[in-house]
Structures are given as structure tokens and as C-alpha cells.
């Protein structure tokens, strides 16, 4: 990423300097803790300029032919594929994802969101007859999109693609902690021939740029992926102008292993699911609920699985787990590991301190606690790191009760060799998604949460419709 791009924003079809000079925001390499660059810090004036550009572009883009929007998404997807390696390298550098994981998951899954919206748009009926009226679906307007540092490109396409498909214009505020993949994405949008003003990018902090977007009277909708605290602040600011708010927030997802599950398969895969992306996924199944009579067996399997991770520099193709993405999150994870020990959970893998041979960087050992009870902090608070809690249960009813004993409700897993039994348990869990026996991921399944995990849905047609208004025409 050139210094010129990192010091600029993308507004109204061109790169531009900040409206008001401000100290640049430093960007740190999590693998070395060294400064790798800076980005421009946006202000309310920059937000005003970007929103104005999006508002000017909206009337024409909202009624643009569906075929043109499909073609635009196709060009975006093709450019993402063509530049996949550049994106993978940026993600590995800015947030520490192992390069192999960035290549195999971060970038392909991001592209899948664009392809999914092309499929949705090809079949969608924006106008349809109903009993005594005509139902019309129309683009909601200017959309502010706030994306996180943990899946930087993936979360951008999960929001930008459906907004573009719907005919909305957007202002994107990516995380200032992993900003370089977003700048590369702005280049893709430009080179794909996106009409001026349809896509705009303003970098900066949540306190400055995010707050200005949330409160802006000309923003019709705001979509945020982030912490529950950030989601609350955005919703409060957005309430004044009564804009639509879609939030994908925190999680503390359970993984129920029923007694008839194949434990030799289910436990190692559960450890992998909970710790992939260094545990920095809001839907990661970090509470493994197991029959009390099988606890010792599970502990052996889980500890063995944790030992399989290869921790090291993100640019090493042998690495399977890189560092935590930033200093603040690193401190949080270490604090939660200490809390688990203080509360009396049994440490069966990992623990405090860096892995052997790594004397700098935000590296954490893959850590597993067992004998975790509902009242412990590690069982209740989102850790967002490679820390797994094993919790025993005595009955299916108790397993469901433990699974639902959380302020969150984003994801859940059930493992069983009996599909009917697994589905019965899945229906009792209060969460937006339930995965049975580790199914393949799809960009079409709606994703979002119950309770404090958020409002609204992303992905597929359900995510697409969040960007639409509903009109009834009676004649």
C-alpha cells in the first residue's frame, strides 16, 4: 500500500486529501509490534463530504437496471479474484492472519459474498402483485457501513455487495486497526467502474467517523459489525434521526456434544472451529458443552488438538495460527486467561505467556480450560482469542440451559449422529445460526443474532433485504 493512498480517502469517484488536517493514525504489525505505516484520520467534515457525494449519486443508481448492477458486481468479483494474493498479503500484515488462512478463507469467503448477491439479484422481484395492492421493494438510500478488524475484507463485502445489489450508495468506514485491505478494496471499486459517489471510503476512528455517520441526517441506514458496546453507541446516535440500524455484534457461542456424537471427530473439529482466525470470530464456538461422564476423554482429545496448532509469523506458510490482531485485544485475552485461573477453572492446554520461541509479537498460546462453570467470567464474557471453555452437563435439558445462559445469541453448534435429535436440540437454542456436525459454510444462510448479538441479518437474500424499503401501492 502506497503512502499516498494510506493518507487519503475515496470520495465521489476519486482519491482525495482529508478535509481537515489531523494527526495520522499509526498502524502496527501484530507479529513484530513495530510501526508499519499510518492512515489518515477522518473527521465530521470528511463524513459530510462523502455523504453528500453518496446522496447525489443515489437517485440515478437506485433506478439503475438490475443487469447493470449484476455486471458491476461481476467486475468487482473478478478483480478481487485477480488481486487475491495482494489482499491475502495485506490481511496477514495488518491483522496477523496466517497467510495460508488468509488465502484459503479470508479472501475466498469475501468473494463468495459478492457472487451470492449476484445470484440473489438475478432472481429477485422488486415489484410483485398482492391481494388488493402492489408490493414494491426500493433501495433505502445512503448507507453507512462500519466494519471490524477481525475479518476485514470479508465483512466489507458482506455489507457493500448487498447494498450495491439493492441500488444503495454507501460510505464505508473500515477499522483503523486493519485498514490496508479496505484501501485495496476501494481501488477495486474504482477499477470496476463504480459510478462516482456510489462507493465512498472514509478512514478514522469510531469516535470521530463512526459517530458522525451514525448521527448524520442524510444517512438512511447504518450497518455495523463490532462489539456490543460499539453497537449500542451507534444505535443511540442513530436514534435521533430514526435511521435503520443493523448490528452484528458479540457472541459466546455454545457447542453441544450430545452423548451419541463421534467424540474422536467432534472434539478436535470443535477446537479448530473455536480457535480459527486466532479465536477472533464473533460466532466462534468457544463454550464446548460435554456430558460430565465423558469429561476426561474430552480433555485428552481437546489438549491433543490444541497442540496441533503451529504458531508463528503470519508470512510463514507453515504457520496455522498467527498473533492476536492488536495490542488492546492481546491485553484483553491475557486478562481473561488470568481470570479463568483466578476463578478456579482447570488449565489443560496453553495458559499465560507467549508460545516458546516467540519473544515479541502479540502471540497467545492456544488455551483450554475445563471444569468451567456458568458463573465464571470466561464462561460469560466474549474473549475473542484462542481460549476454549469446556463445560460439563448432566442432561440434555441442562445442556440447553447452559447454551442459552448468555446475553448473546449469534451462533451455536450441535454434534450428534442422530439428525432428528440434533435438530430438536437446535430448535431449542436461542441463536441466529445453529450448525449441526460442522456443515459447509454458505454465503446464503442468514447470519445475525438474538439478544445482545444484534439486530437484522446479513448474507444472502435476508441480508440483501435489509437495504430495501417496502412500499405498498393501492389502486
Residue 196 in a loop (DSSP other than H, G, I, E, B), more than 15 Å from the chain's Cα centre (by Cα) and in contact (Cβ under 8 Å) with a residue 12 or more places away in the chain | yes
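Quick one: in region 372-404, which of the residues that are assigned to a loop (DSSP other than H, G, I, E, B) and without any contact (Cβ under 8 Å) to a residue 60 or more places away in the chain is farthest from residue 151 (Cα to Cα)?
Per the criteria, the residue is 395.
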Can you name every residue in region 343-365 that is surrounded by 19 or more Cβ atoms within 10 Å (Cβ to Cβ) and under 16 Å from residue 325 (Cβ atoms)?
-> 361, 362, 363, 364
Answer residue from region 216-227, given it is in contact with a helix residue (DSSP H, G or I) (Cβ under 7 Å, 6 or more places away or on another chain) and surrounded by 20 or more Cβ atoms within 10 Å (Cβ to Cβ) and is nearest to residue 287 (Cα to Cα) among those = 225
Restricting attention to region 209-229, and to residues there that are at pLDDT below 95 and in a helix (DSSP H, G or I), which single residue is nearest to the chain's Cα centre (by Cα)?
-> 228
Please specify each residue of region 113-145 satisfying the condition of being buried (at least 21 other Cβ atoms within 10 Å of the Cβ) and either in a helix (DSSP H, G or I) or more than 29 Å from the chain's Cα centre (by Cα) (or both).
-> 113, 114, 116, 117, 120, 121
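Look at region 164-185 and say how many of its residues are in contact with a strand residue (DSSP E or B) (Cβ under 6 Å, 6 or more places away or on another chain) and more than 14 Å from residue 147 (Cα to Cα).
4
Out of region 265-305, which residues are under 28 Å from residue 249 (Cα atoms) and in contact with a helix residue (DSSP H, G or I) (Cβ under 6 Å, 6 or more places away or on another chain)?
267, 268, 271, 284, 285, 286, 288, 289, 290, 302 - these are the residues of region 265-305 that are under 28 Å from residue 249 (Cα atoms) and in contact with a helix residue (DSSP H, G or I) (Cβ under 6 Å, 6 or more places away or on another chain).
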Hey, residue 100 surrounded by fewer than 16 Cβ atoms within 10 Å (Cβ to Cβ), in a helix (DSSP H, G or I) and either at pLDDT 95 or above or at positive phi (or both) or not | no
Would you be able to say whether some residue in region 121-138 is in contact (Cβ under 8 Å) with a residue 40 or more places away in the chain, in the same structural domain as residue 469 (by TED's automatic domain parsing) and closer than 27 Å to residue 250 by Cα?
-> no
Hey, among the residues in region 323-340 that are touching a strand residue (DSSP E or B) at 6+ places or on another chain (Cβ under 8 Å) and surrounded by 15 or more Cβ atoms within 10 Å (Cβ to Cβ), which one's farthest from residue 95 (Cα to Cα)?
-> 340
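The values are calculated or read from the model by the stated rules, or taken from the named source; none is laboratory data. What you are looking at is a predicted structure, and each value in this text was computed from that prediction instead of being measured. Every residue, glycine as well, gets a Cβ built from its backbone with ideal geometry; the counts of neighbours run over all protein chains shown.
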